[in-house]
Amino acid sequence: MRTPATDVESVVREHARFVFKVAYSILRNVEDAEDVVQETFLRVHRSGELPNVREVRPWLARIAWRVALDRVHPRQEIALGPLMEAGFQAHAKETGAEQLLVEQEQVELLHRLIVILPEELRHALVLSTVEEMNSVEIGRVLGISEITVRTRLFRARQMLKEKLAAWMEGGHGS
Amino acid sequence: MDPDNPGRKIDAWLDDALARYSGAEPRAGIENRVLAALRAEERNPRRRRWMVWVPAAAATAATVIVTMVAVYSSRQPSPRVLVPSPIESKRAPAGPPEATVGERQPGATAAGAGDAMVNSSAPRESRTVVQAPGPETAMRPGASAGEPPSAIARARIAHGVSAALPVAPLQHSPSVFPVPAPLSEQERLAIAAFRCGLLPSAKPQIPPGDELLPQVEIQEIRIEPLKDLEQS
C-alpha cells in the first residue's frame, strides 16, 4: 500500500510535463509555467484529496488552469499589425536556415490572434492546443459539455480564419 | 499546401501554428524541483493564514479582559469612611464580630474613651454604623458590602437617619468602634511610668478654697424709710 506522499511523487513524475503545457498555453512563458507547476502540486499535496480523485489528469489540468489564470498579466493586449505582416511574409519565403525563426513568429502571430478572441472561445482553443487533451477533458476543465467544447472550437477557428482571410485580401501575405 | 487556394493556405497555416502553440517543453528536472519543493513543504509546513491571527486574537482578548477587570475594579467602592452620626452616640460592646443589628449583647461594657460613646452596663442592642458626612472620620479596612438592605433600613429608621443619607451596607458590623487594638509600646511605657509615680497624677492640682476665692466683704443692707410719707 502506497503512502499519500508516494502517490504525490508518482503523480508528479507522470503528469508534471502535462501540467506545464497547460500552464504554458496560457502564460506563454517557461518560467511562469514552471512556477505554476510547482504551485499546482503544492496545492495537491496540501489538499490531501489525491487518493479520492478518479481522473487525475483533468483534475490537475483544472488546478493548473486556475493557478495560471491568476498569473495572467493584462499585457497581452497588443496591436497585431507589424507582427502579423512579418509572420506571413516569413512563412511565405521560408527557407531551411530560417525555419526556427519562422515557426517562432508564426506561433507569436497565432497567439496575438487568439488573445483578441472572446474569452469563452479563447479558453477552449488554448486548451485544445495542449497535446493529449481531448474535448472531454477540456470540458471538465472548463466545466462545460463536450459538445459545447466542440462548438466553441469550431467558432474560434472560424474567427481566426476570417481574420487571416481579411488580412490577406488586403494585399498581405502573398 | 496549395498556394492558389487561400482557404487551404489559411487552414494549413492555422494547423501548423496551433500544433506549435503549446509545443514548449519545461527545463530539465522539473519533476525533481517539484518534489524538492514538496519535501520542503513537508519539513516546514506553511502556516495557514488563520493561524497567523491566533496570537493577535489572543492578545486582543487578553487586553480586553485586563481592561474590563481594571474598569470593574475602579467601580468598586473605595474603603468606606465611617462617621458616627450625632445619633450614633452609643456603640456595641466588645464582642464577637458576628453581632448584627438587633442582636442582644448582655452585660457588655464599652471600652472606648475620649469619644462620644457612652458606657452602658445594661443589656442593649448592638448598632450599625451609619455612613454620614462629618468632621470626624475613621477608616475601617476590610469593610465590604453584603448586609441586606432591609437590615440597613431598619437600622436607619431606628436611629432616625434621613432616608436620603447614603448608607453603605455592612456585612460585618463592628461591635466596638474603633476596633480595639493592643496597646502600643509607648502606651505601655506610659502606663508603667504612671504606676511607678514617675508621672504626675492626672488629678488637677486645685489650690485650697481660701487661696482661690477673693476676700469679699458683705456689707449690711440698710433700708431707709421714706421721709415724705412720714411727714404727710
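The values are calculated or read from the model by the stated rules, or taken from the named source; none is laboratory data. What you are looking at is a predicted structure, and each value in this text was computed from that prediction instead of being measured. Note: ideal-geometry Cβ built from the backbone for every residue, glycine included; neighbour counts use all protein chains shown.
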**Request:** Read through the list (1) more than 7 Å from every other protein chain (Cβ to nearest Cβ); (2) of a type outside the set (Ser, Thr, Tyr); (3) under 22 Å from A:Glu119 (Cβ atoms), then give the number of the only condition that A:Arg43 fails.
**Result:** (3)
**Item:** In segment B:14-40, residue farthest from A:Lys163 (Cα to Cα) [restricted to those that are facing chain A (nearest Cβ under 7 Å) and either touching a residue at least 24 places away in the same chain (Cβ under 8 Å) or of a type in the set (Gly, Ala, Ser) (or both)]
**Value:** B:Ala37
**Message:** Against the conditions (1) at pLDDT below 90; (2) farther than 25 Å from A:Ser135 by Cα; (3) outside the structural domain of A:Asn134 (by TED's automatic domain parsing), where does A:Glu105 fall short? Just the number, please.
**Reply:** (3)
**Request:** Test A:Ala156 against the stated conditions and say whether it is over 21 Å from A:Val67 (Cα atoms) and outside any loop (DSSP other than H, G, I, E, B).
**Result:** yes
**Item:** Pairs with Cβ under 7 Å, 6+ apart, first in segment A:46-75 and away from chain B (no Cβ under 13 Å), second surrounded by 11 or more Cβ atoms within 10 Å (Cβ to Cβ) and not in a helix (DSSP H, G or I)
**Value:** A:Trp59/A:Val53
**Fill in**
Residue set A:Val36, A:Val56, A:Val72; condition modelled with pLDDT of 90 or more and not charged (D, E, K, R); output residue A:Val36
**Prompt:** Considering B:Arg75, B:Arg46, B:Arg91, B:Arg8, which residue is surrounded by 12 or more Cβ atoms within 10 Å (Cβ to Cβ) and modelled with pLDDT of 55 or more?
**Reply:** B:Arg8
